[in-house]
Amino acid sequence: MRSIGMIRLFVLTGIFMMLLSACFYNNTADNGKTKQKEDPLEITWTAILYAPAPPSDVVISKIEEATNTELSFTWVPDAVSEDKITIALASHTLTKVVTIQDIKSTAYLNAARGGVFWEIGPYLKDFPNLSKMNPSILQDTAIDGKNYGIYRERDLSRQGIIIRKDWLEKLGLPEPETLNDLYDIFVAFKERDPDGNLIHDTFGIPDRNDLVFGIFKTLASYEGAPNSWGLKDGKLVPDFMFKEYMDTMKFMKKLYVEKLINPDFAVTSKQQQWDYFTNEHAGVYIGNMDDSKNLNSALLKVNPDAQLDLINRINGPDGKPHIWSQAGHNGVYVFPKSQVKTEEELKRILAFFDRLGDPDIYRLTQLGIEGIHYKVIGERVYENISGAAAAIEKDVRPLSSIQVTVPELLKPDNDPIRKKNILFNADNVNFIVANPVDALESVTFNEKGNELNQIIEDATYDFILGSIDEAGFQKAIAVWSEQGGDQVIDEYNDAYHAAH
């Protein structure tokens, strides 16, 4: 009897220890100490492609390993991203993560208000990086006071000039300080054979079919134009109703007539614009100074002796520099309920996005893999590995579009262009021109914004190309006003005065 009792005691003791072990395992899992035991989180993601080709899996696999995820990207070229995403919203062919660049598009606003996406605002406080997101930017990206997306953090202004320093030096030209100086450089780069091949095959500056991120809006800043909207006699009106907008169109028309700009600029893609510059057809690039890194890399393949420089201050007619500002973001990442079906899955995805803001993951998306793409050479200082330019282009560059919050990054050592790029992005804050309607809403613009914008865009190109004159442009403004523009002005002014 005693032996049977002892056996029972041993069995019960064993069961108790198993239960205790299970309880301990569950508790440690609840405390987050065994997250590596979870199955990898599968994330499908519609991402914007700013590079010629999607990235390889070299860096992506490292991100997956570090975040316990399986990432499947649908890469959408930037030039067609808005159309593609609008179609996806209409056809309900969405991924778990969708990148929205135009947060004021009717398709996005209607989808958010229709309950298509998770509201993530209440969850942000639970994550170390996401909880530190800028309240002002969160407010600007909210819809009816609710946050449906994680904003893509960006510098307030990265606009400036990338210029062939070696061409300037060869022709004995100083750095430009005014628009007139820029014009003189455009003429010299066309007429004075800056590449020294004894052929007149160069021109001043390439442009593309984009009035915002091409050269037009930045030139308008130099002229002193407002940023999309401005105050005139105490009333908000759109930029194309200001004299400075007309002055910019006249300047662009002069560039076109004198062949200082590519004649096909109105139908040129971003990549074609880059090719004009990197294949040494033109010597000035106006746009995002962050492009300098990749433009320099591509240019050196064509001409190893080429030298670039950056300029961010061009004085306007008032003798002061001005540059248009973005809102501190480039759209948002949203999470459709049709794909992310449970709160538990949403929280895991948010945890992944929180990890993207950690320095180790951020370095992967911006610099690549240490020892392959770059090396650390001092305290918080790095340099690109010699000969790694092609690998960086293939493995790293396209991943810039999956950036979230921005931790402090290592500083470049052997990259003077990148050093100046970082410095000038920060300096731009000293003279930025904000868009006063960024945080405001017009119901009419939400409904008719694309059509109204197209009226002015077409008229702007028609003026530059010589199809219409000033009177014709004023007629286009009248059409804009009649088809809803006046109502947009009234709605923005009502919202502006209510906020102030």
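We did not get these values from a lab; they are worked out from the coordinates using the rules stated. Note that the structure is a prediction, hence the values are computed from the model and not measured. Every residue, glycine among them, receives a Cβ derived from its backbone with ideal geometry; neighbour counts consider all protein chains shown.
Between helix 443-464 and the chain there is an angle of about 40 degrees, using the helix long axis and the longest principal axis of the Cα atoms. Counted over the chain with a bin width of 20 Å, the fraction of Cα pairs per bin, in whole percents, is 20, 51, 22, 5, 2, 0. A Cβ-based charge dipole, computed about the Cα centre of segment 112-203 with Lys and Arg at +1 and Asp and Glu at -1, lands at about 580 debye.
Can you classify segment 306-447 as rounded, prolate or oblate using the Cα gyration tensor, where a ≥ b ≥ c are the square roots of its eigenvalues, rounded means a/c under 1.5, and otherwise it's prolate if a/b beats b/c and oblate if not? It comes out oblate by the Cα gyration axes.
With an 8 Å cut-off on Cα pairs and a minimum separation of 6 or more residues, tell me the relative contact order of the chain in percent.
Over the chain, the number comes to 21 percent.
If Lys and Arg each add +1 and Asp and Glu each add -1, what is the summed charge of the other residues whose beta carbon sits under 11 Å from the beta carbon of L211? After counting each charged neighbour, the total is -3. The aspartates and glutamates whose alpha-carbon is closer than 15 Å to the alpha-carbon of K448, local same-chain residues fewer than 8 away aside, are D102, E457, E482, D486, D490, E491. Legend: P(r) of segment 384-425 from all alpha carbon pair distances, 10 Å bins from 0, whole percents, reading 21, 51, 28.
With contacts taken as Cα pairs under 8 Å and at least 6 residues apart, segment 274-372 reaches a relative contact order of 12 percent. The residue list Q271, N312, I286 was ranked by how far each Cα lies along the charge dipole of segment 258-316 toward its positive end, using unit charges on Cβ atoms, and N312 comes out on top.
Taking Lys and Arg as +1 and Asp and Glu as -1, the other residues whose beta-carbon sits under 13 Å from that of K250 total -3. Dipole of the chain computed with +1 at Lys/Arg Cβ and -1 at Asp/Glu Cβ about the Cα centre; of I100, L440, Q487, farthest Cα towards the positive end is I100. On a straight-distance basis, which aspartates and glutamates could pair with K146 in a cross-link, Cα separation under 15 angstrom, same-chain partners fewer than 8 positions away excluded? Within the straight-line limit of under 15 Å, K146 reaches these aspartates and glutamates: E119, E441. A Cβ-based charge dipole, computed about the Cα centre of segment 67-176 with Lys and Arg at +1 and Asp and Glu at -1, lands at about 80 debye.
Dipole orientation for segment 142-236: of the candidates I215, N197, P226, P226 has the Cα lying most toward the positive pole (charges on Cβ; Lys, Arg +1; Asp, Glu -1).
When +1 charges are put on Lys and Arg Cβ atoms and -1 charges on Asp and Glu Cβ atoms, the dipole computed for the chain relative to its Cα centre reaches about 1840 debye.
A crude spin-label estimate for the pair K254 and K165, with each label 7 Å from Cα along the Cβ direction, gives 2.9 nm. Counting only alpha carbon atoms, the long axis of helix 343-356 and the longest principal axis of the chain meet at about 60°. Counting only alpha carbon atoms, the long axis of helix 81-91 and the longest principal axis of the chain meet at about 50°.
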